[in-house]
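The structure appears right after this line, and notes come after that.
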Amino acid sequence: MLISIDQWKRALPSFFFLAGAFLASHCAWSAGHYTTKTTYQPQQQQATYEPVPNGFVPIHTQLVARHGSRGLSGMKADVALLNLWKLAQQQNALTPLGEKLGPQLEKLIEVNALLGYGVLSSPPGYGNLSLRGVQEHEALAQRMVQRLPSLFTQIEDAAMTSSVPPIRVQHSGVNRAKDSAQSFVNSLVNQKPKLKPLIDSPTVDRFLLYFHRLNERTDAANKESDTNAKTFKNSQAYQAYSKSVRVSSKVDSIQNSNDMRSTANSVLLRLFKPAFLESLQNGKFSVSNTGKFSFKTKDGLYQAQLEGDGRTQIRTPIDALLALSSVYEIAPSLQHELGFDFDAYFTTSEAKVLAEANDAEDFYVKGPGIAEDEPVNHAMAEGLLKDFFEQIQKTNQSTLRAGASLRFTHAEIIVPFANVLKIPALTQPLPLSQNYSYTSSAWRGELIAPFSANVQWDTFRNSQGSMIVRMLYNEKETNFKPQCNSAKLHPQSYFYSFNALITCYSAQ
């Protein structure tokens, strides 16, 4: 069980919490270039939403949300970069700025090794939610209730007439998604205590919420239904495609561009002396994420013993640059626990070059990708879209008068789901002849899949039984694909006829 924010406050130095709380409420952090590691901010104030048409009342809300802000997913680039730093230290090859990097990396590794201790239901360690991640999902639930107060009153009343829990909760099975679900649910109950017995026990559904990594060993036995079988097949095709030469050559050409080489040179020369950097460039040495680490909590009750696996290597200046980029991007998510960032190691223009290269990888591996190719990147998300429509139909047809469906997942699910929805202007592929760049594409990781990124559908019904749907993307009113414009109540509206909308997407 997650403990309360008040308990977490007492577990942290007070000045860290107060500084972090101010930043969480007043800063978006996206002033930097953190791509899909951008911490969450709602993109529209609820007071500016289009009013619900007269005669319609809410009957259902649902969302699929990425897990909240987290630590590093594994002990990889951080340890490899620390080993590079130690090698430079041994050779007296650090600059004054470079001297500062090692202790910061050691602190980052310790924070990640102990992340979540005494706070989350998951075991402490890498990949867990940070305090900010918990707060993101708590606030997301708060705004949902504020947006639809009458719906949750109806849900409380509806439960009196049915034995079926009106609120469904699902997650991917990964700890950070599970803890995000728990954070969201705790917040719902804190606001509306009567909801507690009305929330179904959370269930794991990998076919809906982890479809990018389905495999024979784990998932083959669960693909009985036609929809799951199709999703499984699409997942296998995607995994093969994402590792293909066609994709990797695109990513490599961008990450090994002249801009990246010059950026690596300028960034690393501020940390390491020229001779050391030249040796790295000439292949005279390499480092990896090897080493053993032991960390103990302040109360002495928990000790983490970790060992690097050696699979993450730094062989070139660009490898070192990308490693530094990974710790730079994650620091804002750990601001409460870490207390510092890595912004001093990059100029704004250098951070932008790195963000563009990192976005390029996600664009081709997870995102819209190459226009001439089959929709391999997002075909596996069709089952999730089908589930969105089915949850509305089930609520409309059941004895329940209102309900909610809550799903918690990962960026690898949110990005292809946006592609299946064909969110205007943000999901356009590029021709093979054109490389991704910030000038050639509007696709941005921080817009499509920041931490806690979410898609929400609110459904309303009138006394004649007509239903309308509104979509929020990161809490901003968002149009469905342009081919569905005829389903709008009027040309400028964000409300769509449900029947016309489902027909439109069925025809794709």
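Mind checking whether some residue in segment 446-465 is over 16 Å from Leu426 (Cβ atoms), open to solvent by 40 Å² or more (accessible area, probe 1.4 Å) and either outside any loop (DSSP other than H, G, I, E, B) or among the basic types (Lys, Arg) (or both)?
There is at least one residue in segment 446-465 that is over 16 Å from Leu426 (Cβ atoms), open to solvent by 40 Å² or more (accessible area, probe 1.4 Å) and either outside any loop (DSSP other than H, G, I, E, B) or among the basic types (Lys, Arg) (or both).
Do we find a residue being in a loop (DSSP other than H, G, I, E, B), among the basic types (Lys, Arg) and farther than 17 Å from Val365 by Cβ anywhere in segment 392-415?
Taking every residue of segment 392-415 in turn, at least one turns out to be in a loop (DSSP other than H, G, I, E, B), among the basic types (Lys, Arg) and farther than 17 Å from Val365 by Cβ.
If you check Tyr438 against the conditions, is it out of contact with any helix residue (DSSP H, G or I) (no Cβ under 6 Å at 6 or more places or on another chain) and aromatic (Phe, Trp, Tyr)?
no
Scan segment 167-175 and give yes if some residue there is touching a strand residue (DSSP E or B) at 6+ places or on another chain (Cβ under 6 Å), farther than 24 Å from His410 by Cβ and not in a loop (DSSP other than H, G, I, E, B), otherwise no.
Pass one, segment 167-175, residues touching a strand residue (DSSP E or B) at 6+ places or on another chain (Cβ under 6 Å): 167-173.
Next, only the ones that are farther than 24 Å from His410 by Cβ stay: none.
For segment 167-175, residues touching a strand residue (DSSP E or B) at 6+ places or on another chain (Cβ under 6 Å), farther than 24 Å from His410 by Cβ and not in a loop (DSSP other than H, G, I, E, B): absent.
Determine which member of the set Val111, Val119, Val185 is open to solvent by less than 30 Å² (accessible area, probe 1.4 Å), among the hydrophobic types (A, V, I, L, M, F, W, C) and closer than 30 Å to Thr48 by Cβ. Break it down into steps so the answer makes sense when it comes.
Details: Val111 fails: closer than 30 Å to Thr48 by Cβ; Val119 fails: closer than 30 Å to Thr48 by Cβ.
Answer to the check: Val185.
Since Lys352 meets every condition but one in (1) among the basic types (Lys, Arg); (2) within 30 Å of Val204 (Cβ to Cβ); (3) at pLDDT 95 or above; (4) open to solvent by 50 Å² or more (accessible area, probe 1.4 Å), which condition does it not meet?
Exception for Lys352: condition (2).
Looking only at residues that are farther than 17 Å from Val251 by Cβ and in contact with a Pro (Cβ under 7 Å, 6 or more places away or on another chain) in segment 405-445, which one is surrounded by the most Cβ atoms within 10 Å (Cβ to Cβ)?
Asn419
So Val204 ticks every box in (1) within 30 Å of Val145 (Cα to Cα); (2) open to solvent by less than 80 Å² (accessible area, probe 1.4 Å); (3) touching a Phe, Trp or Tyr at 6+ places or on another chain (Cβ under 9 Å) but one. Which box is left unticked?
(2)
Residue pairs, Cβ under 8 Å, 6 or more apart or interchain, first in segment 378-394 and under 12 Å from Ile502 (Cβ atoms) and touching a residue at least 12 places away in the same chain (Cβ under 8 Å), second assigned to a helix (DSSP H, G or I) and hydrophobic (A, V, I, L, M, F, W, C). List them.
Leu385/Phe417; Leu385/Val420; Leu385/Leu421; Phe389/Ile502; Ile392/Phe498
Out of the residues in segment 166-182 meeting the condition of being charged (D, E, K, R) and surrounded by fewer than 24 Cβ atoms within 10 Å (Cβ to Cβ), tell me which one is farthest from Leu406 (Cα to Cα). So that I can check it myself, show each step before the final result.
Initial filter on segment 166-182 (charged (D, E, K, R)): 168, 176, 178-179.
Next cut, surrounded by fewer than 24 Cβ atoms within 10 Å (Cβ to Cβ) only: 168, 178.
On the way: Arg168: 6, Lys178: 12 Å.
Selected residue: Lys178.
I'd like to know if segment 301-312 contains one or more residues that are open to solvent by 30 Å² or more (accessible area, probe 1.4 Å), within 28 Å of Ser69 (Cβ to Cβ), part of a helix (DSSP H, G or I) and touching a helix residue (DSSP H, G or I) at 6+ places or on another chain (Cβ under 6 Å). Can you show your working first?
Narrowing segment 301-312 to residues open to solvent by 30 Å² or more (accessible area, probe 1.4 Å): 301-303, 305-307, 309, 311-312.
Those left that are additionally within 28 Å of Ser69 (Cβ to Cβ): 301-303, 305-307, 309, 311-312.
Pick out the ones that are also part of a helix (DSSP H, G or I) and you get none.
Checked segment 301-312: no residue is open to solvent by 30 Å² or more (accessible area, probe 1.4 Å), within 28 Å of Ser69 (Cβ to Cβ), part of a helix (DSSP H, G or I) and touching a helix residue (DSSP H, G or I) at 6+ places or on another chain (Cβ under 6 Å).
Suppose we filter segment 313-346 for residues that are in contact with a strand residue (DSSP E or B) (Cβ under 6 Å, 6 or more places away or on another chain) and either open to solvent by 10 Å² or more (accessible area, probe 1.4 Å) or free of Cβ contacts under 8 Å to residues at least 40 places away in the same chain (or both); how many remain?
1
Got at least one residue in segment 23-34 being modelled with pLDDT of 95 or more and either open to solvent by less than 50 Å² (accessible area, probe 1.4 Å) or part of a loop (DSSP other than H, G, I, E, B) (or both)? Give the derivation first.
Taking segment 23-34 and keeping what is modelled with pLDDT of 95 or more, we get 34.
This time we only want the ones that are either open to solvent by less than 50 Å² (accessible area, probe 1.4 Å) or part of a loop (DSSP other than H, G, I, E, B) (or both), so: 34.
Within segment 23-34 (the criterion being modelled with pLDDT of 95 or more and either open to solvent by less than 50 Å² (accessible area, probe 1.4 Å) or part of a loop (DSSP other than H, G, I, E, B) (or both)), the answer is yes, since at least one residue qualifies.
If I ask for residues that are within 18 Å of Leu322 (Cβ to Cβ) and either open to solvent by 90 Å² or more (accessible area, probe 1.4 Å) or within 29 Å of the chain's Cα centre (by Cα) (or both), which ones from segment 269-289 would you list?
If the condition is that a residue be within 18 Å of Leu322 (Cβ to Cβ) and either open to solvent by 90 Å² or more (accessible area, probe 1.4 Å) or within 29 Å of the chain's Cα centre (by Cα) (or both), then Gln281, Ser288, Asn289 are the ones that fit.
Lys394 is checked against (1) among the charged types (D, E, K, R); (2) at pLDDT 95 or above; (3) surrounded by fewer than 22 Cβ atoms within 10 Å (Cβ to Cβ); (4) within 29 Å of Ser180 (Cβ to Cβ) and fails just one. What number does that condition carry?
Result: Lys394 fails condition (2) only.
Can you confirm whether Ser130 is more than 30 Å from Pro317 (Cα to Cα), modelled with pLDDT under 95 and either open to solvent by 10 Å² or more (accessible area, probe 1.4 Å) or not charged (D, E, K, R) (or both)? Quick ask: steps written out before the conclusion?
Numbers: more than 30 Å from Pro317 (Cα to Cα): yes; modelled with pLDDT under 95: no; either open to solvent by 10 Å² or more (accessible area, probe 1.4 Å) or not charged (D, E, K, R) (or both): yes.
Spelling it out, it is not the case that Ser130 is more than 30 Å from Pro317 (Cα to Cα), modelled with pLDDT under 95 and either open to solvent by 10 Å² or more (accessible area, probe 1.4 Å) or not charged (D, E, K, R) (or both).
For segment 49-161, please list each of the helices (runs of 4 or more DSSP H) lying entirely inside it that holds at least 2 residues being over 30 Å from Phe211 (Cα atoms) and more than 25 Å from the chain's Cα centre (by Cα).
77-90, 96-114, 149-158
Hey, among the residues in segment 207-245 that are under 30 Å from Val185 (Cβ atoms) and acidic (Asp, Glu), which one's surrounded by the fewest Cβ atoms within 10 Å (Cβ to Cβ)?
Of everything passing the filter in segment 207-245, Glu224 is surrounded by the fewest Cβ atoms within 10 Å (Cβ to Cβ).
With segment 188-270 as the region, which helices (runs of 4 or more DSSP H) entirely inside it contain at least 2 residues that are free of Cβ contacts under 8 Å to residues at least 40 places away in the same chain? It would help to see each step written out before you state the result.
Working: elements: 206-209, 216-219, 226-242, 245-255, 258-269.
Result: 216-219, 226-242, 245-255, 258-269.
The values are calculated or read from the model by the stated rules, or taken from the named source; none is laboratory data. This one's a predicted model, so the numbers in the text were calculated from it and none came from an experiment. Backbone-built Cβ (ideal geometry, glycine too); neighbour counts: all protein chains shown. With ligands, DNA and RNA removed, areas are computed over all heavy atoms of the protein, side chains included. Shrake-Rupley method; radii C 1.70, N 1.55, O 1.52, S 1.80 Å.
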